[in-house]
Amino acid sequence: MYNAVKIENKWRKIWEKSGIYRTKDKIKGKKNFYHLVMFPYPSGNLHMGHWYNYAPADVYARFKRMSGFNVLSPIGFDAFGLPAENAAIKNKIHPRAWTYKNIASMKKQLKSMGNVYDWSREIISAAPDYYKWTQWMFLKMYEAGLAEKKRTLANWCPKDQAVLANEQVINGRCWRHPETPVIQKEIEQWVLKITDYAEELLNGLEHIDWPARTKLMQKNWIGKSEGAVIKFPISQFLNKKYIEVFTTRPDTVYGATYLVLSPEHPLAESLATNDQKESVRHYITNAHLKTELERTSLDREKTGVFTGSYAANPVSGAKIPVWISDYVFVTYGTGAIMAVPAHDERDFEFAKKFNLPVVKVIDSGRNWPDSKPYAEGGLLINSGEFTGLESAEARKEITKWLKSKNLGDFSVQYKMRDWIVSRQRYWGAPIPVVYCKKCGIVPVPENKLPVRLPSLKNFKPVAGGKSPLARSKSFVNTRCPKCKSKAVRETDTLDTFVDSSWYFLRYADPKNKKYFAGAEKLKDWLPVDMYIGGAEHAVMHLLYSRFFVKALKTMGYLGFDEPFGALRHQGIILGEDGQKMSKSRGNVVNPDDLVKKYGADAARMYLGFMGEYSQGGPWSATGILGVKRFLDRIYNKFSIFNSQFSKAEKNGDFAKLLNQTVKKVGEDIENFNFNTAVSALMILFNRMEKTPVSKNDAETFLKLLCPFAPHIAEEIWHIIGNKKSIHLRSWPKFDLRLLEVGDYDLVIQINGKMRDKITVPKSLERIEIEKIVLNRDAIKKFTAGSEPKKVIFVPGRLINIVL
RNA sequence: GCGACCGUGGCGAAACGGCAGACGCACCAGCUUUAGGAGCUGGCGCCGCAAGGCGUGGAGGUUCGAAUCCUCCCGGUCGCACCA
């Protein structure tokens, strides 16, 4: 048994001193490979999830290094964010102090993993020389019309006392507080117009090597729908002659028997007739009081109110009532719908409840009762000149007709909404704008960046939904950069997802004072070749980053339009009880303890060995023991019985196995099948343990082992007489010819069931085998003399005799 | 409700449509006078003393041959959730 802690500490010190993991921007004859893991939030503790992300990722990085790439594998900290502020309020410590203290301790923990990180490129998103560029990017977007201030309904977390982006609302609750329902609040907000890139974000998915489910999630999130906007004439209100609706089913427009506006629709209140005014007002106010959760819970009964007004169906001329209901969202389409109860579930339910007419306009091919709407396509009925057309055809024809009458047009809508980035909190990058009475919104000039966070004492949110920054007079009061008169600063800070939307660019050139990163270095490294991190960021960080890169490309700052060429997700490690690890359940496994007990190498290797990487699964305290024993055996063989090296064996079974293993381990790592790579190493070593091996073969084995267990591999590498680091050596090559040597078993099947095995030399040609094996007499031996119907021969595998 | 993925020993899991259960854990037996979660050898899907039979959630199908492909059902995980 070897002393893992001692050996590991020793080698980490040596590696650090010699700088073997320092990355140069260019190395002659080597291709650059940008390998990235998602940078951690400095919560103060590296947990199993971090390890599971970073350890196997490091196996991959090391494999790539050895395979001849110049690998950049950087690390940093996503250091802005609410927990720092909450800790500040609770423990009377400044968020900066709290954050940097945590970074210091996490750095130690990260270093104990023995990863190839180039620490000279470390970035911290809360550092002024970083957030200067976050602010700069915000301003560039503002100049390009991609950032704007809007008064909108926003998701508000009562617990955070701050706005949330749509992507941060999970089942109507805050992503940080699953117990807290989000409410809707109307506030002035800075938004980034990610919707301008909806189509590109959708199309770009086709060309990137990402998990299919992640791409699908983004696709669904973007939620493209093709249809038509149709104008329904009304008697004039507020200079509006029409109510516009969006529909994906213009073919059913003859069946539109009423309209429904969202309670927030600009016309909702003004359309109310005198006798309906009170109930309409009541309904709208009520809708605003509800939480998002209450408004969208599916099992509740639909509610609504009649405005008293009518519109005309633009194709049939029928007079149809206009209703208001919260089953229509102001944020989607035009905030109003045409209701076709005969062919839509929701409209049907609503019409039944309020006794609205149901007109069938699609032939369902059956005599369907009125208890169920028919939502499929079909031939049109009761549809004037369009009767008889098929739905798909009718959609086009009717829209064309409406367009010719100026009553509608083709339209594409997306579910994705603009990204609200203002946060009413302290610990973030201040939004770099100034409000001037004369000049309005004025961006802070580039040479005045960064707008630094002032030192505060009180981090509690200011009543009325304002950032704690509003308390700092010296921060708020300033001069207008344009006209020099008195002005005030924006006090909201940026969502931390803005910080993380571009951090991967900064690693390429982390110290640059003039640019977020120099053009040449961006060219050297980006886009990221392999990105590894959790799937939970599918529609947040991973979507925002794509948007940022696309926007920066449009603005001419980048030469590529997708940030992450390839993406892989790790699964989630559960407690031994199969439940999510949590302090309250008491099933948390602390990686620091594992390092102390078994060493980082065993922990790294076991995380790879556990199972399918993207699957995750329950932790096993005894499972890691198996890996630790494996490493012990390796150490024992080479350190204690070190003199037993034999001459190299060139053509035997062992050479074949060694070659197979070289091939398999390499392929498996490339495909993220770390579990089978480890098992292949075990199979090989089980054999090596039983026979004397040559020094050369032992070295090959160590090279295969070293991405998984870098410390012990390095230790043995030196014990057996090497002077330079194993981590500077290249990945062993395999010899295709050696894979073919020796004999193999051929299975004899009868009607698909195994009957016998024969051994055949692999060198034999197919024809020779057929001569020997497939001749009638040989076969009759297996069939007890009867004539086979058919004989199937799969070279290298089997002979199946069909009787 | 919609969409995606997944169901293999006591457990984690392997298996180009071709010997199911590699590798490891746990367990059992033996060896080594062995006190550290040690080491070594062998066994270990289920039923059966055995020969043998049965086995990849269930029922069908395609195929000479199915854990793998197709259809339906059951169970689980994840995502979206009145998006017109």
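A few comments on the model shown:
- 27 Å Cα-Cα threshold exceeded, pairs from A:LYS150/A:LYS224; A:LYS150/A:LYS511; A:LYS290/A:LYS403: A:LYS150/A:LYS511; A:LYS290/A:LYS403
- Listed by chain and number, the aspartates and glutamates placed with their C-alpha closer than 14 angstrom to that of A:LYS64 are A:ASP529, A:GLU667, A:ASP668, A:GLU670; residues fewer than eight positions away on the same chain are left out.
- Viscosity 1.306 mPa s, 10 °C: Kirkwood-radius Stokes-Einstein D of the stretch A:565-655 over Cα pairs, µm²/s: 100 µm²/s
- Couplings for the stretch A:787-803, taken from phi via the Karplus curve 6.51 cos²θ - 1.76 cosθ + 1.60 with θ = phi - 60°, read 6, x, 6, 7, 10, 9, 10, 10, x, x, 10, 7, 10, 10, 9, 9, 9 Hz in order; Gly and Pro are left as x.
- A crude spin-label estimate for the pair A:PHE354 and A:HIS288, with each label 7 Å from Cα along the Cβ direction, gives 2.0 nm.
- Counting only residues at least eight positions apart within a chain, or on another chain, the lysines with an alpha carbon under 18 Å from that of A:LYS90 are A:LYS101, A:LYS159, A:LYS457, A:LYS460.
- Lysines with Cα under 20 Å of A:LYS513, excluding same-chain neighbours fewer than 8 positions away: A:LYS24, A:LYS132, A:LYS140, A:LYS448, A:LYS521, A:LYS523
- Projected area, mean over directions - the stretch A:469-580, Cα convex hull, nm²: 11.5 nm²
- In degrees, nearest ten, helix A:48-66 long axis to first principal axis of chain A (Cα): 60 degrees
- Shown in residue order for the stretch A:475-488 are the 3J(HN,Hα) couplings computed by the Karplus curve 6.51 cos²θ - 1.76 cosθ + 1.60 at θ = phi - 60°: 7, 5, 7, 8, 10, 5, x, 8, 9, 6, 7, 4, 8, 10 Hz (x for Gly and Pro).
- Efficiency of FRET from Cβ geometry, A:LYS224 and A:ASP593, R₀ 51 Å, rounded to 0.05: 0.55
- Between helix A:541-554 and chain A: long-axis angle, C-alpha atoms, 0 to 90°, nearest 10: 80 degrees
- With θ taken as phi - 60° and the Karplus curve 6.51 cos²θ - 1.76 cosθ + 1.60 applied, the whole-hertz 3J(HN,Hα) list for the stretch A:714-729 is 5, 4, 5, 3, 7, 4, 7, x, 8, 9, 8, 4, 5, 7, 9, 8 Hz, x standing for glycine and proline.
- Violating pairs (Cα-Cα greater than 29 angstrom) within the set A:LYS596/A:LYS647; A:LYS215/A:LYS733; A:LYS28/A:LYS724; A:LYS596/A:LYS690; A:LYS319/A:LYS352: A:LYS596/A:LYS647; A:LYS215/A:LYS733; A:LYS596/A:LYS690
- The heavy atoms of A:TRP175 present about 90 square angstrom of accessible area, all protein chains included, probe 1.4 Å.
- Both radii are taken from the alpha-carbon atoms of chain A; with Rh as the Kirkwood radius, Rg/Rh is 1.07.
- Using a cutoff of 8 angstrom between alpha carbon atoms and counting only pairs six or more residues apart, the relative contact order for the stretch A:133-184 works out to 28 percent.
- In the stretch A:673-752, Cα pairs under 8 Å separated by at least six residues give a relative contact order of 21 percent.
- Solvent-accessible surface (1.4 Å probe) assigned to A:ASP745 amounts to roughly 80 Å².
- Greater than 21 Å apart at Cα, pairs in A:LYS231/A:LYS400; A:LYS108/A:LYS597; A:LYS396/A:LYS550: A:LYS396/A:LYS550
- For A:ALA154, the residues 5 or more places off, or on other chains, whose built amide H falls under 5 Å of its own are A:LYS185, A:GLU186, A:ILE187.
- In a fully extended conformation the segment linking A:THR303 and A:LYS17 would gain 95.9 nm over its present Cα-Cα distance, using 0.36 nm per residue.
- Distance (nanometres) between label positions extended 7 Å along Cα→Cβ at A:GLU787 and A:ASP209: 5.5 nm
- Calculated SAXS-style log₁₀ I(q)/I(0) at q = 0.17, 0.28, 0.31 Å⁻¹ - the stretch A:175-230, Debye, Cα scatterers: -0.87, -1.08, -1.18
- With respect to chain A, whose longest principal axis is taken over its alpha-carbon atoms, helix A:391-404 is tilted by about 50°.
The values are calculated or read from the model by the stated rules, or taken from the named source; none is laboratory data. All of these numbers come straight from a predicted model, not from anything done at the bench. Counting neighbours? That spans all protein chains shown, and the Cβs are built from the backbone with ideal geometry, glycine included. For the accessible areas, the whole protein counts, side chains as well, though only heavy atoms, and no ligand, DNA or RNA atoms are used. Shrake-Rupley method; radii C 1.70, N 1.55, O 1.52, S 1.80 Å.
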